[in-house]
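Here is the structure we will look at.
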Amino acid sequence: MLWENDIPCFIFVNGPSWVAGPRLNKAEKGTPVEEQLAELAAQVAALEAASGGSVTNTMFAETYYYLTIPLMIIIHAGFLAYEMGASRLKNVLSSGVKNILAFAFMIPTFYFFGWWIYFGFPTGIPGAAGPMGISGVEYANAIAWGWGDSAQYMGPNIADNISGVFFGAFALFACTTASIMSGAVIERIQTVGFIILAVVLGSFAWVVAAAWGWHADGWLVTKFGVHDFGAAGLVHAVAGFFALGVLINLGPRIGKFNADGSANHIPGHNMPLTVVGLMLIIVGFWGFLMACVVPPGEAWSWFPDKFATIYGTPITLGSLSFNILMGVAGGIIGAWLFTRDPFWMMSGALAGIISTASGLDIYFPAHAFVIAFSAGIILKPCADWLENRGIDDAVGAVTVHGTIGLYGLIMLGIWGAGFPALAIDNAPTISLVGQIVGAVVFFLLGFVPGYVVSLILKMLGMLRVPEGAEIAGMDAVKVPAAGYPEWGNDAPVTPAHPAE
Amino acid sequence: MFFPSDEANWAAIDGAMFIGWGSMLPGLMTFIAAVICVAVLVIGQRSEVAKAKAFDK
């Protein structure tokens, strides 16, 4: 449309003849440039009015969010490959079943109550309304229940295109938390017990963390200036430490530890599948972090002309592009330095993103690289430390997501101190103390529910499979199919690393 | 501390918005990152050569 009437963008006015595109017609040649520009501006304004520029923006903004959903589903393809690869032959399909089923249960439970919790309790309990006017139980009752008047926003509605898209993106965050926990507990957990834990984590625990620390009315933000743009704490740390609480009650796999307490390495059946799975998670992370950004120009946007974080502070997609890439690179290089192991290198890539996630909007790229590099270096020692305390985390999820998530929060407290946490006058600012408060809250929101609910499940006999079933293999017990029916036995178990 | 304006308000920012803009920090971090890349390659080469030698006949 801009080329209508043969008048292109002004940079082509009187330009060289090789420039592609329409040219000014002869009658317009010789007209003063100022007049041409004024005419062009008037035509652009008329065209925008006639063609509905706001409709174009709406379509862009909604499609932007919509596309984060399939991108985030790639995270789950990655988790699926990674967990199945890390499982022994006898458990490969049951690990997949567990992962897929958790994904499926996250969606409806997040629909039933997770979405409501997110909007209901940013200011804490009992759920008073916050200053931005987008929180509180009354507000949540009006928009987030699947019944009564509220149901109009929880289903197809010509007057409300965006609610379902936002819901989808947030539901995928919930699925991600469940998948983080899922890898840690493979090869010995009961399916239903695991699903109950996944629902508690994905549709409750992390949602509370998000309401408190990932919402412009969240009390951690308004009172302490907590900033966690990419959810290092409220998704990764919550899920990682939830997994730790579960692992304490679940116990290690048979054969993981020797009588003297030293650990063995239980190799998965397919390292290449695991490594490719981790790379897919990285791909999906672009969607995850893309969904942490609010496009401009809509009634629900923070700015008419700028992308914003979920807190309403400015961000650019360039920030994400620079810093995610530098984070991935730094994490891989740091992990390679001391491990040379592709599993830990790709875990280092994740650690690189997670360690910088809180401040991906405001880090300088080289700064993100240095922080991610340090995360890649400390990753394996942190995982070994945990293992030497009798915790059998099959994929290092507690360390990669939990420990590194909190590390990232604290790093931002050190480097980002003084940045406004909201885009308002007299906004609270990021501080080390505030980030530490956030880290403690996120740790507790993960660990306590994970430990308590898994303890209850253990008492009910719903947590761990019987010893005989574990030795026979979970696939034989749970799945009417074989992963590799014509092929192979498990690899031998070997010492993991020197005991402390 | 490293907010790119004396006033802690996003309304005061209309350009670069990253940690340390206007200070030496970005340049310092770029230098450190470059040193890391070189150092890791040097260390990696040395250790890989040492391990490969163990397989020499």
Notebook entry, point to check: Fewest first, what order do B:Lys51, A:Lys380 take by the number of other Cβ atoms within 10 Å?
Noted result: B:Lys51, A:Lys380
Note to self: List residues of the range A:219-245, by number, whose backbone nitrogen lies under 13 Å from a label position 7 Å along Cα→C-beta of A:Leu444.
What the structure shows: A:220
Next item on the list: First check a/c for the range A:399-500, with a ≥ b ≥ c the square roots of the eigenvalues of its C-alpha gyration tensor; if it is under 1.5, answer rounded, and if not, answer prolate when a/b is larger than b/c or oblate otherwise.
Entry: prolate
Notebook entry, point to check: What distance in nm separates the simple spin-label points at B:Met24 and A:Trp385, each placed 7 Å from Cα in the Cβ direction?
Noted result: 3.1
Check: Taking amide H positions as placed 1.01 Å from N in the peptide plane, with prolines and chain starts having none, which residues 5 or more places from A:Phe364, or on another chain, fall under 5 Å of its amide H?
Finding: B:Ile19
Margin query: Students often get this wrong, so check it: of A:Lys223/A:Lys380; A:Lys90/A:Lys458; A:Lys380/A:Lys458; A:Lys223/A:Lys306, which have C-alpha atoms separated by over 28 Å?
Written below: A:Lys223/A:Lys380; A:Lys380/A:Lys458
Check: How crowded by other chains is A:354-362, given as the mean number of beta carbons from other chains within 10 Å of each beta carbon?
Finding: 1
Notebook entry, point to check: Over chain B, what is the relative contact order in whole percent, taking alpha-carbon pairs under 8 Å and six or more residues apart?
Noted result: 25
Check: What ranking of A:Cys292, A:Cys382, A:Cys175, B:Cys37 emerges when the number of other C-beta atoms within 10 Å of each C-beta is taken as an exposure proxy, fewest first?
Finding: B:Cys37, A:Cys382, A:Cys292, A:Cys175
Notebook entry, point to check: Does anyone have the angle between helix A:404-415 and the longest principal axis of chain A? Alpha-carbon axes, 0 to 90°, nearest 10?
Noted result: 50
Item checked: Net dipole in debye of chain A [+1 Lys, Arg Cβ; -1 Asp, Glu Cβ; about Cα centre; nearest 20] -> 1100
Checklist line | Length-normalised contact order of chain A in % [C-alpha pairs under 8 Å, at least 6 apart] | finding: 21
Notebook entry, point to check: Quick one: if you stick a label point 7 Å off each Cα along the C-beta vector at A:Asn57 and A:Thr316, how many nm between them?
Noted result: 2.0
Check: Which residues in the range A:368-412 have a backbone N closer than 12 Å to a point placed 7 Å from the Cα of A:Asp260 along the Cα-to-Cβ line?
Finding: none
Notebook entry, point to check: What is the range A:106-167's relative contact order, in percent, from Cα pairs under 8 angstrom and six or more apart in sequence?
Noted result: 24
Margin query: I'd like the Kirkwood hydrodynamic radius of the range A:318-407, using the inverse of the mean 1/r over distinct C-alpha pairs, in Å.
Written below: 12.4
Check: Expressed as an acute angle from 0 to 90° and rounded to the nearest 10, what is the orientation of the C-alpha long axis of helix A:191-200 relative to the principal long axis of chain A?
Finding: 40
Item checked: Among A:Ser355, A:Phe442, A:His265 the positive-end extreme of the charge dipole of chain A (Cβ point charges) -> A:His265
Margin query: At a 10 Å Cβ-Cβ cut-off, how would you order A:Leu463, A:Leu80, fewest neighbours first?
Written below: A:Leu80, A:Leu463
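Taking the inverse of the average 1/r across all pairs of different Cα atoms in the range A:63-475, what Kirkwood radius in Å do you get?
This gives a value of 21.0 Å.
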Next item on the list: Among A:Gly413, A:His367, A:Leu250, pick out the residue whose Cα is farthest towards the positive end of the charge dipole of chain A, where Lys and Arg carry +1 and Asp and Glu carry -1 on C-beta, about the Cα centre.
Entry: A:Leu250
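Every number in this text was worked out from the coordinates using simple rules, so none of it is lab data. Predicted model only: the values in this text are computed from it and were never measured. Cβ sites come from the backbone with ideal geometry, for glycine too, and all protein chains shown count toward neighbours.
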